[in-house]
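As structure tokens, the structure follows; a few thoughts come after it.
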Amino acid sequence: MNLILIQPPIEDFYYTPVRRQPLGLLYLAGIAKSKNWETLLINAHSPKKSVLALPDSFSYLTPYIENHTFPFKNYYHWGASWQEIEKQIRENKGELFAISSLFTPYYQESETVIRLIQKYHPEALIAAGGSHATLFPDYYLDTLKVNFVIAGEGEKAFSCLLDFIQTGKKEFLFYAPNLFFKEKRGYGELFPEENLDLLPFPQRDLLKERDLFFYRKKGVSLIAGRGCPNQCSFCSSRKVFGNQYRVRSIDNIMKEIDECVVKYQAHFFNFEDDNLFHNHSFAIDFLKILIKYQKEKNMTFDFTAMNGISAETLDEEILTLMKKAGFQELNLALVTASLKTQNQLKRPFDSSHFQIIVQQAQKIGFNLRTYFILGLPNQTKEEIQLTDSFLKKLNLKAIPSVYYDIFENNPEKWKIQRSSGFANETKYLSRKDLIVFFNLFVKEFVH
């Protein structure tokens, strides 16, 4: 049996290079390996770029591009060309194609991949998964005519799907958690994996050598846990992973780290967790083990958490151990300095706690980076100026993001729901306001 996993390219004004390792697909490859499937990964996501004409969806940005106030130079295709992707799909036949559709604004890239599979392999089964497929399964089943949607965490569903293909027994489909298809639409509560130690390690053998580098260092992305107990209203994590925060055993994580050191010569480790170190006791124990492991190996590693670390459970003890373990940078999301908006968004900490953590981290010697959001619902210019003053007082390197609605259910608006799209004007903030503030903060905090 042959399985083809595909990570589509993306088309946007900018690119985040750390996103090159499709961790979700690599976990599915681990399931397939345990069932003796032959697996090919088409990882079309890379820093290779080509300039594209501005899509009609972004025509509202034309005045700002023409008067040179728009902050981005060009709109790009990032990754393998569509000609390369089409060639790979045409030449590789499989019983099952599994497509990652992680982010709403890139749904058309996933759609193009699906159409190519249907063109060259009409008999093949197609499964789509990821955040966007989880949020809008009917679109994939009814509009794109895929056979299956894997919602939320996909390992159990994928295992059942492979068993169905191998045996032809439909009971594997109907009893599969988080697996939707034409005859089974029971959307509702998703079922996360309770014991993450039971999952096989991601099959990184499928990655190309180029995908194993972060900032010129060989490295990997991994997770220590899944889920986030917080209820931030703008985040989709709880829709994909549920509200239950689960961590792997430290022994299980260390086995994976050791495998990556031995097998791939990894020295850089990026944790993709949505809320790394939410559990205080786990954080302390795990960091001590990381320190001990490096001493025993007589090696030093770099650790980071590009998704950011939520500040509510951090304290001086955790920060000190993080620095000793090899965390050189700390990414913290403030979102806003307004207490009123923090409460409306259900943020898990306030500005005073954030300030304490920042000052402790600065004292310890971290390279600090924080993120805040422009254009939040009901946000005013005065609130943005409050956040600006607060960050300046802390002498922080701050990176602005622009609010977009991840729960937008109108497909005609999906493409523009991205930070670089400046899509959502409010009664307090025009698009011009958002662009002016964005440019101001990039000049103040980034350059």
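Every read-out reported here was derived from the displayed coordinates using simple, explicitly stated rules and does not represent laboratory data. Owing to the predicted nature of the structure, the values given are computational and were not obtained by experimental measurement. Ideal geometry is used to build each Cβ from the backbone, glycine not excepted, and the neighbour counts take in all protein chains shown.
General observations
- Cβ charges +1 (Lys, Arg) and -1 (Asp, Glu), total dipole of the range 87-147, debye: 240 debye
- Answer label, with Kirkwood radius over Cα pairs in Å calculated from the coordinates and candidates (i) 23.1; (ii) 28.2; (iii) 25.4: (i)
- Helix-derived mean residue ellipticity, 222 nm - over the chain, DSSP H n ≥ 4, -39500 (n - 2.57), to 500: -10500 deg cm²/dmol
- Within the chain, longest stretch free of exposed trypsin sites (Lys or Arg not before Pro) [DSSP loop, at most 16 other beta carbons within 10 Å]: 217-345
- Extension gain, Thr300 back to Asn409 (0.36 nm per residue minus Cα-Cα distance, nm): 34.6 nm
- Sparsely packed GluC sites (Glu not before Pro) within the range 96-134, loop by DSSP, other Cβ within 10 Å at most 14: Glu123
- Cysteines in the chain that, by Cβ-Cβ distance, have no pairing candidate under 4.7 Å: Cys160, Cys228, Cys260
- Proximal lysines relative to Lys292, as straight alpha-carbon distance under 27 Å, when same-chain residues fewer than 8 apart are discounted: Lys217, Lys218, Lys255, Lys263, Lys323, Lys324, Lys363
- As a rough footprinting exposure proxy, the listed residues His267, His280 were ranked by other beta carbons within 10 Å of their own, and the order from fewest upward is His280, His267.
- Ranked for footprinting exposure by Cβ neighbours inside 10 Å, fewest first, Leu330, Leu141 give Leu141, Leu330.
- Shape call, the range 330-383: gyration tensor on alpha carbons, a/c limit 1.5: prolate
- Antiparallel beta bridges, as assigned by DSSP with both residues in the range 196-446, represent about 15 percent of the total such bridges.
- A simple count of charges around Pro9, restricted to other residues whose Cβ falls under 13 Å of its Cβ and scoring Lys, Arg +1 and Asp, Glu -1, yields -2.
- Antiparallel %, DSSP beta bridges [both residues in the range 2-180], to 5: 35 percent
- Furthest towards positive pole of dipole, Leu162, Ala124, Ala151, structure part the range 108-166, Cβ charges: Ala124
- Rounded Å value of the spacing that divides the Cα centres of the range 161-175 and the range 33-52: 25 Å
- The charge dipole of the chain, taken about its Cα centre with unit charges on the Cβ of Lys, Arg, Asp and Glu (plus for the first two, minus for the last two), comes to roughly 740 debye.
- Between the alpha-carbon centres of the range 354-429 and the range 304-342 there is a gap of 15 Å.
- Net dipole in debye of the range 111-259 [+1 Lys, Arg Cβ; -1 Asp, Glu Cβ; about Cα centre; nearest 20]: 460 debye
- Percent of beta bridges antiparallel (DSSP, the chain, rounded to nearest 5): 25 percent
- Signed unit charges on C-beta, dipole axis of the chain, positive-most listed residue Ile99, Asn343, Phe441: Phe441
- Among Gly154, Gly168, Gly219, residue whose mean-square fluctuation peaks in a GNM of the chain (springs only between Cα atoms under 10 Å): Gly168
- Taking a sphere under 14 Å around the Cβ of Asn178 and counting the other residues whose Cβ falls inside, with K and R at +1 and D and E at -1, yields a net charge of 0.
- Ordered by the count of other Cβ atoms within 10 Å of each Cβ, fewest first, Thr304, Thr341, Thr62 give Thr62, Thr341, Thr304.
- Given charges at Cβ of Lys, Arg, Asp, Glu: the range 340-447 dipole, positive-most of Ser419, Pro400, Gln360: Gln360
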